[in-house]
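The values are calculated or read from the model by the stated rules, or taken from the named source; none is laboratory data. Model, not experiment: these values are computed from the prediction. Neighbour counts are summed over all protein chains in view; Cβ atoms, including those assigned to glycine, are modelled from backbone coordinates with ideal geometry. Note: accessible area is taken over every heavy atom of the protein model, side chains too, but ligands, DNA and RNA are not part of it. Shrake-Rupley method; radii C 1.70, N 1.55, O 1.52, S 1.80 Å.
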Amino acid sequence: MNWFDIVSAACLLAGCALSLIAAIGLIRFPDLLSRMHAGTKPQVLGLLFILVGVGLRLRDWSDVGMLLAVAMFQLMTAPVAAHMVGRAAYRRGAVRRDTLLVDELTPALEAENRD
Amino acid sequence: MSTDTSNDLPGDVPSRRTGVQWPMLIGLTVVWVLLWGGLSVANVVSGLVVAVIVTLVFPLPPIVFGGRLRVRGLAVLIGRFVVELMVASVQVAGQALRLGRQPLNAVIEVDLRSHSDLYLTLTAELLSLVPGSLVVEVRRSTSTLFLHVLGVRNEADVEEARRRALLQEERVMRALASDEELAAYLSEGVGR
């Protein structure tokens with residue numbers, strides 16, 4: 001048991017906790033768009049924590065390279081996937097307006113459809 | 001083949017076939033070597049072959065990058081991003097665990113001041129990664145983002161979210177834009 005192991009264990013636990021919270025948020029949030037937040041956000045940081053934890057345990061350059069690739073692709077693809085789902089949901093009207101304090105997109109889309 | 005949407009200007013999209021894109025080839029090769037988990041001549045050569053095939057079969061428009069990297073700006077961009085990622089993850093986690101009524105959300109329009117696909121994309125990616133904001137619609141022609149913001153209580157929170165999005169863009173510009181682009185960008189902010 002050395003410092004690497006302790007930090008690694010802390011990172012793994014933090015990552016697991018954040019992923020669990022993301023799952024809880026997925027159930028508890030009221031509509032699709034807020035669920036997208038839970039699905040993409042605490043989960044991104046949770047995954048990064050887990051990758052750091054695993055990297056500290058393995059301490060092998062070829063494995064760290066692989067973990068870096070996982071982190072990079074996660075950071076690049078999560079926003080794109082979230083955007084596509086959110087955009088499709090919004091345009092299909094799968095958005096609960098009663099959860100919105102301000103909605104500046106609906107008037108913009110209506111103006112676009114009139115043109 | 002076109003990914004153009006109705007609100008974009010026709011003919012504005014750069015052509016997809018423009019010869020060899022070296023940054024793309026090198027990037028794909030690096031990923032290949034990372035995935036094989038070892039640096040060897042055979043890995044690099046086979047990676048290059050695969051990269052050439054991929055770029056020939058799935059051509060993408062080149063990324064127009066006329067700026068320059070500023071080390072200081074880049075450090076600020078990355079540092080602030082990590083801090084925001086941590087803080088906002090805790091906030092969203094708190095909201096997920098909170099008992100009782102969930103706060104309201106908002107969909108806001110943010111008019112970015114830069115007019116470049118690269119900076120627009122980077123700003124949108126970073127905003128989406130930071131918890132609490134999600135890009136639901138992008139207007140390429142006017143550099144406008146529509147953000148879904150989690151947990152707003154009043155108008156002040158809405159304006160705060162808009163301000164944070166513009167600050168994110170400013171950090172991207174200060175990290176990557178050329179002197180002329182940065183000057184044009186900063187002068188455009190005077191009227192607002």
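Take the residues in segment A:1-37 that are farther than 26 Å from A:VAL54 by Cα and of a type outside the set (Lys, Arg); name whichever of them is nearest to the chain's Cα centre (by Cα). So, considering only residues that are farther than 26 Å from A:VAL54 by Cα and of a type outside the set (Lys, Arg), the one nearest to the chain's Cα centre (by Cα) is A:MET36. Checking each residue in segment A:38-57 for being touching a residue at least 24 places away in the same chain (Cβ under 8 Å) and under 12 Å from the mean Cα position of the chain (by Cα) picks out A:GLY39, A:THR40, A:PRO42, A:GLN43, A:VAL44, A:LEU45, A:GLY46, A:LEU47, A:LEU48. When residues in segment A:58-112 are screened for being in contact (Cβ under 8 Å) with a residue 40 or more places away in the chain and not aliphatic (A, V, I, L, M), 5 of them pass. When segment B:161-175 is examined, which residues are found to be within 12 Å of the chain's Cα centre (by Cα) and within 14 Å of B:ALA75 (Cα to Cα)? The answer is B:GLN168, B:ARG171, B:VAL172, B:MET173.
This table checks each residue for (1) away from chain A (no Cβ under 14 Å); (2) loosely packed, with under 15 Cβ neighbours inside 10 Å; (3) modelled with pLDDT of 75 or more; (4) more than 23 Å from A:ALA69 (Cβ to Cβ).
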position	(1), (2), (3), (4)
B:SER6	no, yes, no, yes
B:PRO10	yes, yes, no, yes
B:TRP22	yes, yes, yes, no
B:LEU25	yes, no, yes, no
B:ALA42	yes, yes, yes, no
B:SER46	yes, no, yes, no
B:VAL49	yes, yes, yes, no
B:LEU69	yes, yes, yes, no
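Looking at segment A:8-29, which of its residues are open to solvent by 50 Å² or more (accessible area, probe 1.4 Å) and at the interface with chain B (Cβ under 7 Å from one of its Cβ atoms)? A:ILE24, A:ARG28, listed by residue number.
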